[in-house]
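To start, the structure under review is shown below, and the notes come after it.
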Amino acid sequence: MKNTWKFTLSLLLLSTPLAAEESYVVANGSIVVPLDVFQECDVCPEMAVMPLGSFMMGASEGESWSSIWDVEGKGPVAYEGPDGLYNIPHEGPQHEVLMDTPYAMGVNEVTHAEWMACVRDGGCSHNPDHSVVVFRRGDVELGPDHPAIDVSLLDIQEYVAWLNARVGVEAYRLPTEAEWEYAARAGTTTRFAQGDVLTSDQANFSGDGTEHNRGRPFPNLLSRAVPVPVDELDAANPWGLRHMSGNVYEITISCFTKRHLGLPTNSAYLDHAEQGCDRYVAKGGGYEMAMDGVRPSFRIGPYDDYRRSFVGFRLVRIFPNSETR
């Protein structure tokens, strides 16, 4: 199925003048084009080149199924919309964003094995707790192919600096919220890249929480209560990115705001992020969230030193102008 998506998108790209310009040189001299997957070193994450384009960022009217509490836990922030559906203020307003900065996105969440390569090499000072506490089961130890967890944005900055040094190019960083959501949606306009609902075969989220939020049973939904390895489940979106919904929250470089800024381009979102802040947007939900909380438009705002078993990350690889062909 992924090859079919790639072939179809390649035909669309070839039908536009921009397609001929969308090729980039990576550190080893290879030329990559949209949807190509590459790995620049033996301990580097796999990256997929994103096609250029635009998208509607944020939640559509009535997209959410449930009222939630605000990010500080002070009270409900959703209001009921048409047909009994909810709208969450910090997921809007929905607005169009032009992706004007070429980049590749991590195919997977950065794994524990990839993180520990940085620890062993002396680039990362934090050796994270790679276990999850599960009710009635106690501590569950995770494996090398599970997402790296118990890492904060400050920890991730060390990993990014180490990775850039390994590659020899200042090219890797955390994504902006726009880069993350554009990649997660993968050209779709439904609640999730896979459609308006998910199954437990497609994403790791809480079946119990989903049934509670919807007020009715959903057959065959699981509550795994732990992350799964990045290569498990049928979790790829149409652009081949895995676990963009569920498994663990993913930290971005964007500052958390109570409403979207409504900026027109990704470069504008990057400029805003580079001003710095102490709370950052995390996206994608996690294994403990109901289905509604793993939508691409869902967002929370952890502090820069926030470490939890349900928070991880993936990186982007930018292509400086000197490398564009």
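Here are a few things to note about the model shown:
- Taking the range 209-220 as the range and being out of contact with any Leu (no Cβ under 9 Å at 6 or more places or on another chain) and open to solvent by less than 50 Å² (accessible area, probe 1.4 Å) as the test, the residues that pass are Gly209, Phe218.
- Among the criteria (1) under 26 Å from Asp278 (Cα atoms); (2) modelled with pLDDT of 95 or more; (3) open to solvent by less than 20 Å² (accessible area, probe 1.4 Å), the one Val119 does not fulfil is (3).
- Close contacts from the range 104-131, counting a first residue that is farther than 30 Å from Pro238 by Cβ and a second that is surrounded by 23 or more Cβ atoms within 10 Å (Cβ to Cβ) and at pLDDT below 95, with Cβ to Cβ under 6 Å and a gap of 6+ residues or different chains, come to none at all.
- Residues in the range 195-208 that are open to solvent by less than 10 Å² (accessible area, probe 1.4 Å) and of a type outside the set (Phe, Trp, Tyr): Leu198, Ser200, Ala203, Asn204, Gly207.
- Residues that are under 20 Å from Val25 (Cα atoms) and in contact with a Ser or Thr (Cβ under 9 Å, 6 or more places away or on another chain), drawn from the range 154-173: none
- The range 268-279, subset under 11 Å from Pro175 (Cβ atoms) and not small (Gly, Ala, Ser), residue surrounded by the fewest Cβ atoms within 10 Å (Cβ to Cβ): Leu270
- For the range 198-230, a residue qualifies if it is among the aliphatic types (A, V, I, L, M) and either touching an Asp or Glu at 6+ places or on another chain (Cβ under 8 Å) or over 18 Å from His146 (Cβ atoms) (or both), and the qualifying residues are Leu198, Leu221, Ala225, Val230.
- Residue within the range 237-250 that is open to solvent by 20 Å² or more (accessible area, probe 1.4 Å) and of a type in the set (S, T, N, Q) present: no
- All of (1) more than 15 Å from the chain's Cα centre (by Cα); (2) in a loop (DSSP other than H, G, I, E, B) hold for Pro296 with one exception: (1).
- Residues considered: Ala48, Ala59. Of these, the only one that is in a loop (DSSP other than H, G, I, E, B), modelled with pLDDT of 90 or more, within 25 Å of Pro264 (Cα to Cα) and in contact with a Phe, Trp or Tyr (Cβ under 9 Å, 6 or more places away or on another chain) is Ala59.
- Pairs, first more than 26 Å from Ala104 (Cβ to Cβ) and assigned to a strand (DSSP E or B) in the range 301-325, second among the acidic types (Asp, Glu) and at pLDDT below 95, C-beta under 8 Å, six or more apart: Tyr303/Asp278
The values are calculated or read from the model by the stated rules, or taken from the named source; none is laboratory data. Bear in mind that the values here come from a model prediction, so they are computed numbers and not experimental data. FYI the Cβ positions are ideal-geometry reconstructions off the backbone, even for glycines, and counts take in every protein chain you see. With ligands, DNA and RNA removed, areas are computed over all heavy atoms of the protein, side chains included. Shrake-Rupley method; radii C 1.70, N 1.55, O 1.52, S 1.80 Å.
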